[in-house]
Amino acid sequence: MITLHSYKVSDQGRRIDYHYTATGPAVRFLNPAETFFVRYDHDISSCPPSIALIPFIANFITLAWFGKFDLVVPEVDATFADSLVQLRAEFQRMYPQHALTGSLRPEKVTPLSWSGDKGVMLFSGGIDAFATLIRHRHESLELTTILGADIELSDSEQWRRCLKHIATDPLSADLPRSTLVSNLRTFYTDKVESDLVYGWWGMVQHGPALLGLQAPLTYILKASRVYIASSYTVPGGWGSTKESDEKLKWGPVSCIHDGDGLTRKAKVEIIVACAQERGRPIPLRVCYSEVKRDGNCGRCEKCYRSMLNIILTNADPRDYGFPMTEATYPHVLQVMTSLHSSYGLKIFWGEIAADARRALASGQFFVLTNRAQEAGYLQRIAAGEINRALERNHRPWRDHLARWKFILRVGFPRFYKAGRGLVRQLRRLK
């Protein structure tokens, strides 16, 4: 059981620290060195407890469900409590192999409402986020970006680059913006992944966690909705889907999983059309691989995927923050045909192959220097060269092996260390 005893607001009303204890099976899942916290740009000290506790509950409730223990809190918003019943049923549908018997036990259930028509939008500066922003840019919005989610709390340089990027483009720079800081990925231990669900953050936590952090902000701004951009759903379960995200509600606030059903290229088309309409490019930030540089690396799978989406929309990737050169196509084929594959990659690149066939048929694709040569590369992609390699390189046993190595390292560190030492010795004898 996890029991929340109290919370403390500090830093001129901008930070909430939650004080809790764990007993029984729950103990092994929590990092004893950290107390869960969230820091806002706004003074949220006027939030009633039923709203102020939502960030904590949204991050801990999935642990309770999957870990089969109760989460005890002093108070909860009535609408939010009802929505969690629906959310748990959705996660149970996604994960039938788990018995989600844990539950929320509030000491008090409080109905609360307010009026207002502002929207809060989770915004990172990538393709999904920009497509959602463009679709709703005429609404009254506040953009929120979170340190501690995709960017680690200690990575101040990456965070600086992220904020600089968001502030650079007038489309996002002209809107009110907030930053949130939270240890939402470090308050728990590796036991969560070894004992519950491997890949916990992506597979379970991130949808409820990111949305729940917005609750105090929606109260202060008197907002009525929170937008989270859609992404692709991984077969077998995913932490942020239209069905799960839109179950969450509190007060008068609805959560909207935006852009569901749009392909990645369809989102790029929205972005390119907007850029052409306003006569200036939109710098995208899809890559977190950059070292000693601002912007996208232009050499990772996510960059290649995004560049092809833009090329096949007949736009120049360089206008959208990607360093395309004459070596890009050869590198794409070299990297993508040797990469360890996954279900998600096969979906992405299957769509790209289909888009390449359509672009070649119409003759509408961006040319960097040599049309015939670049069309030849696109023909190889359209013919399925990358797709066949991804199918060939998709070996689910590798994923299972990685999971079991992780479980051994976490659950049996001495045996794992001894085994690693033995493997190294055997390699030296060869």
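The values are calculated or read from the model by the stated rules, or taken from the named source; none is laboratory data. Only a predicted model underlies this, so the values are computations on that prediction, with no experimental measurement involved. All Cβ positions, even for glycine, are placed from backbone atoms using ideal geometry, and neighbour counts span all protein chains on display.
Data overview
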read-out	value
Hits in segment 73-87 - residues which are out of contact with any Gly (no Cβ under 7 Å at 6 or more places or on another chain) and either among the aromatic types (F, W, Y) or crowded, with 21+ Cβ neighbours inside 10 Å (or both)	V73, V76, F80, L84, L87
Scope segment 6-26; condition part of a strand (DSSP E or B) and without any contact (Cβ under 8 Å) to a residue 60 or more places away in the chain; matching residues	Y7, K8, V9, S10, R15, D17, Y18, H19, Y20, T21, A22
Leading residue by the ranking (farthest from S103 (Cα to Cα)) among those in segment 32-47 that are modelled with pLDDT under 95 and not charged (D, E, K, R)	A33
Selection from segment 239-255 of residues that are within 15 Å of the chain's Cα centre (by Cα) and surrounded by 20 or more Cβ atoms within 10 Å (Cβ to Cβ)	G239, S240, T241, S244, D245
Condition check for G207: in contact with a Gly (Cβ under 9 Å, 6 or more places away or on another chain), within 26 Å of A26 (Cβ to Cβ) and either modelled with pLDDT under 95 or crowded, with 24+ Cβ neighbours inside 10 Å (or both)	yes
Residue in segment 339-354 that is outside the structural domain of Y232 (by TED's automatic domain parsing), in a loop (DSSP other than H, G, I, E, B) and either among the charged types (D, E, K, R) or surrounded by fewer than 16 Cβ atoms within 10 Å (Cβ to Cβ) (or both) present	yes
Residue pairs meeting the criteria (Cβ under 7 Å; at least 6 apart or on separate chains; first more than 15 Å from L217 (Cα to Cα), in segment 27-41; second surrounded by fewer than 23 Cβ atoms within 10 Å (Cβ to Cβ) and basic (K, R))	R28/K191; F29/K191
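One line per residue, one yes/no per condition, for (1) in contact with a Gly (Cβ under 8 Å, 6 or more places away or on another chain); (2) at pLDDT below 95; (3) polar (S, T, N, Q):
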position: R357; (1), (2), (3): no, no, no
position: F366; (1), (2), (3): no, no, no
position: N370; (1), (2), (3): no, no, yes
position: Y377; (1), (2), (3): no, no, no
position: I386; (1), (2), (3): no, no, no
position: W397; (1), (2), (3): no, yes, no
position: K405; (1), (2), (3): no, yes, no
position: G411; (1), (2), (3): no, yes, no
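Yes/no matrix, rows are residues, columns are (1) assigned to a strand (DSSP E or B); (2) touching a Lys or Arg at 6+ places or on another chain (Cβ under 9 Å); (3) on the phi > 0 side of the Ramachandran plot:
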| residue | (1), (2), (3) |
| --- | --- |
| W238 | no, no, no |
| H257 | yes, yes, no |
| K265 | no, no, no |
| A275 | no, no, no |
| P281 | no, yes, no |
| R285 | no, yes, no |
